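**Q** Next up is a structure, given as structure tokens.
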Amino acid sequence: MNLKIISNYSLNFNFKKRNSKQIKFLIFHYTGMKNENQAINKLTNAKSSVSSHYFIKRNGDILVLVPDLYTAWHAGKSYWKKLKNLNKNSIGIEISNPGHQNNYMKFSKNQIKSIFKLSKFLITKYKIKPKNILGHSDIAPSRKKDPGEKFPWKSFAKKKIGIWYSLSEKVLNKNRLKMIDHQSKKNFFRNLSKIGYSNYKTTNKKKENFNFLLIKAFQRRFRQKLINGIIDKECYLISENIAKNSVKIS
């Protein structure tokens, strides 16, 4: 695969090398900064204490900031299934985009092409499973929104970069905004737990706020047309479908 990568190394990583078998996840981020060069500077500045393995510019150029076998500091406080702090088990890809606070925009065609090429290369090299390809908001829903609802998860899933559901748009549109009962809401969160999302345990007030952000994270990933933090029948059906299929997904 023709993959042109430019080196622009960061010092923000753990100096001890990891075994390639430890790499099980691919995590997508957006930079959330107005200026692309400032974003690169932040990720390569030792004082910032943040980094990623790769950076994809608006024009599609790919920069390597931290070599794969070193742990980059991109995920922060994060959870997926029984794992905590996913830095040590993942490769982080930062994509230049101003994000929700700075006029969030569509990812460019050149970026999409580069994300596809780079992801396919890494998936093959490290045998990363589709269900282990995640967004930052999946593993840190209370803190993060990236890569957001404009990230093309559905089209990537068709190419085995991530997962998607097997339900028709007609069925989903018919069930959008239809309210569900209390038991179905409980089942929705059980489905999310089966998929891999964190089951946050804390006080009721904090739990309510966390659940609201968790629902939005799920919607940004799987119901991108409406991000409202409300569990309707459409969201429930999507969660049920993904949870049931998760065992089959290799």
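Every number in this text was worked out from the coordinates using simple rules, so none of it is lab data. No experiment lies behind these values; they were computed from the predicted model shown. Every residue, glycine as well, gets a Cβ built from its backbone with ideal geometry; the counts of neighbours run over all protein chains shown.
One line per residue, one yes/no per condition, for (1) of a type outside the set (Asp, Glu); (2) surrounded by 20 or more Cβ atoms within 10 Å (Cβ to Cβ); (3) farther than 18 Å from ALA157 by Cβ:
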| position | (1), (2), (3) |
| --- | --- |
| HIS53 | yes, yes, yes |
| ASP61 | no, no, yes |
| THR71 | yes, yes, yes |
| ASN85 | yes, no, yes |
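**Q** OK, next. Please report, ordered by residue number, the helices (runs of 4 or more DSSP H) entirely within the range 144-250 with at least 1 residues that are touching a Cys at 6+ places or on another chain (Cβ under 9 Å) and hydrophobic (A, V, I, L, M, F, W, C).
**A** Hits in the range 144-250: 182-195, 204-222.
**Q** Okay, next question. Please state which one of ILE62, ILE91, ILE95 is closer than 14 Å to LEU118 by Cα and out of contact with any Phe, Trp or Tyr (no Cβ under 7 Å at 6 or more places or on another chain).
**A** ILE91
**Q** Would the range 201-214 turn up any residue that is under 30 Å from GLN101 (Cβ atoms), surrounded by fewer than 13 Cβ atoms within 10 Å (Cβ to Cβ) and either under 18 Å from the mean Cα position of the chain (by Cα) or of a type in the set (A, V, I, L, M) (or both)?
**A** no
**Q** Look at the range 109-133 and say how many of its residues are touching a helix residue (DSSP H, G or I) at 6+ places or on another chain (Cβ under 9 Å) and under 21 Å from ARG58 (Cα atoms).
**A** 4
**Q** Scan the range 41-59 residue by residue and report those that are in contact with a strand residue (DSSP E or B) (Cβ under 6 Å, 6 or more places away or on another chain) and more than 9 Å from ASN12 (Cα to Cα).
**A** HIS53, TYR54, PHE55, ILE56
**Q** Among ILE123, ILE95, which is crowded, with 21+ Cβ neighbours inside 10 Å and not acidic (Asp, Glu)?
**A** Step by step, each of ILE123, ILE95 is checked, and only ILE95 is crowded, with 21+ Cβ neighbours inside 10 Å and not acidic (Asp, Glu).
**Q** Continuing with the same structure: Across the range 1-43, what is the total count of residues that are assigned to a helix (DSSP H, G or I) and under 24 Å from PHE116 (Cα atoms)? If you could, list the steps in order and put the result at the bottom.
**A** Taking the range 1-43 first, the residues assigned to a helix (DSSP H, G or I) are 20-22, 36-43.
Now drop any that are not under 24 Å from PHE116 (Cα atoms), which leaves 20-22, 36-37, 39-40, 43.
Residues in the range 1-43 being assigned to a helix (DSSP H, G or I) and under 24 Å from PHE116 (Cα atoms): 8 in total.
**Q** If you don't mind, there's one more thing I want to ask. Check ALA75 against each of (1) free of Cβ contacts under 8 Å to residues at least 24 places away in the same chain; (2) in a loop (DSSP other than H, G, I, E, B) and name the one condition it does not meet.
**A** Unmet for ALA75, out of (1) free of Cβ contacts under 8 Å to residues at least 24 places away in the same chain; (2) in a loop (DSSP other than H, G, I, E, B): (1).
**Q** A further question follows. Please go through (1) within 22 Å of GLY148 (Cα to Cα); (2) outside any loop (DSSP other than H, G, I, E, B); (3) basic (Lys, Arg) for LYS88 and return the number of the only condition it doesn't satisfy.
**A** (1)
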